[in-house]
Amino acid sequence: MISSSTPIFLASKSPRRRKLLKQLNLKFKSFSVDMDEKIHKNELPNKAVLRLSKEKLDLAKLKVKSGIIITADTIVVLNKTILGKPINKKDAFRILKLLSGNTHVVYTGYSIFNFSNGKTISEYEKTEVTFRELTDDEIKDYINGGSPMDKAGAYGIQDDFGAVFIKKINGCYYNVVGLPLAKFYHALLRAL
């Protein structure tokens, strides 16, 4: 367990990341940073999530002046195409239809900065996820439940119904949720 008297801040509006940090028994405060999470043309997925987590870190440093800051970004990649968060229900349907019966890769990049010692750690993890074939009705029911709208790839592996879309995963489950817990935990220890 990590016990630190240093205040920890999670710069993320993701309820999933907050829940994951609580699993580590961390005491932290969270706030969000607003930025355009745009992927550059021809940018490699691992480079994109690292860049975005670092840019979020730079913005977070403007809000907090001490302690430890944590940022992260997750993207879904299918056949070298990055699938972001859906812009509307029609887009969510399109994304889920693409993922149906295929294997995609989830990348999460995270950055940790400790003001007291100046250490910055930025890393990423990737996990392969294979979907079973989905019916149009399953996709529509899932979308109508509202779950896909704030998630990269338009699904949550941890969701009640989104979980049944998954045929298998190869890699860290928690990475697909939004933060590769084991790898992140060791990175946080190195930042202390």
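Past the 20 Å Cα-Cα mark, which pairs from Lys27/Lys47; Lys90/Lys151; Lys38/Lys119? In this structure, Lys27/Lys47; Lys38/Lys119 lie more than 20 Å apart at Cα.
Across the options Leu99, Ile121, Asn88, the greatest Cα extent toward the positive end of the charge dipole of the stretch 85-127 (unit charges at beta carbon of Lys, Arg, Asp, Glu) belongs to Asn88.
In Å³ and rounded to a whole number, note down the convex hull volume per residue for the Cα atoms of the chain. So the per-residue Cα hull volume is 110 Å³. Restriction of the chymotrypsin sites (Phe, Trp or Tyr not before Pro) in the stretch 95-173 to DSSP coil positions whose beta-carbon has at most 14 other beta-carbons within 10 angstrom yields Phe161.
Within the stretch 115-192, report the GluC sites (Glu not before Pro) that DSSP leaves as loop and that have at most 11 other Cβ atoms within 10 Å.
When the GluC sites (Glu not before Pro) of the stretch 115-192 are filtered for loop state and at most 11 Cβ neighbours within 10 Å, Glu133 remain.
Residues in the stretch 116-124 carry Karplus couplings, in order, of 5, 10, x, 6, 10, 10, 10, 9, 9 Hz; the curve used is 6.51 cos²θ - 1.76 cosθ + 1.60 with θ = phi - 60°, and Gly or Pro positions show x. In the chain, a dipole from Cβ-located charges (positive for Lys and Arg, negative for Asp and Glu) runs towards its positive end, and of Ile143, Leu62, Leu21 it is Leu62 whose Cα lies farthest in that direction. Distances between placed amide hydrogens fall under 5 Å for Leu83 paired with Val76, Val77, Leu78, all partners being 5 or more residues away or on another chain. When the chain is described by a simple charge dipole with +1 on each Lys and Arg Cβ and -1 on each Asp and Glu Cβ, the residue from Gly171, Thr108, Ala187 located farthest towards its positive end is Ala187.
When you restrict to C-alpha pairs under 8 Å that are six or more residues apart and normalise by the size of the chain, the relative contact order lands at 22 percent. Close amide H contacts of Lys13 (hydrogens built in the peptide plane, cut-off under 5 Å, sequence separation of 5 or more or a different chain): Val33. Among Ala182, Ala60, Ala152, the largest mean-square fluctuation in a Gaussian network model of the chain, built with springs joining Cα atoms closer than 10 Å, belongs to Ala182. Mean-square fluctuations from a GNM of the chain, with a 10 angstrom spring cutoff on Cα atoms, peak among Lys61, Lys41, Lys126 at Lys41. Each residue of the stretch 47-55 was assigned a 3J(HN,Hα) from its phi angle through the Karplus curve 6.51 cos²θ - 1.76 cosθ + 1.60 (θ = phi - 60°); the sequence is 5, 5, 5, 5, 4, 5, 5, 5, 5 Hz, with glycine and proline shown as x.
Charged side chains reduced to their Cβ positions (Lys and Arg at +1, Asp and Glu at -1) give the chain a dipole of some 620 debye around its Cα centre. For the residues Ser14, Ser53, Ser116, a GNM of the chain with alpha-carbon springs under 10 Å puts the largest fluctuation on Ser116. What shape does the stretch 75-126 take by its C-alpha gyration tensor, where a ≥ b ≥ c are the square roots of the eigenvalues and a/c under 1.5 counts as rounded, a/b above b/c as prolate, and the rest as oblate? Since a/c reaches 1.5 and a/b is larger than b/c, the shape of the stretch 75-126 is classed as prolate. For Gly67, nonlocal amide neighbours, meaning residues 5 or more places apart or on other chains whose placed amide H falls under 5 Å from its own, are Phe115, Ser116. Each residue of the stretch 127-142 is assigned a 3J(HN,Hα), and the resulting list reads 9, 8, 10, 10, 8, 7, 5, 9, 7, 4, 5, 4, 4, 4, 4, 5 Hz, derived from the Karplus form 6.51 cos²θ - 1.76 cosθ + 1.60 (θ = phi - 60°), x at Gly and Pro.
Every read-out reported here was derived from the displayed coordinates using simple, explicitly stated rules and does not represent laboratory data. Just so you know, these numbers come straight off a predicted model, no measurement behind them. Positions of Cβ are generated from backbone atoms using ideal geometry, with glycine treated the same way; all protein chains shown enter the neighbour counts.
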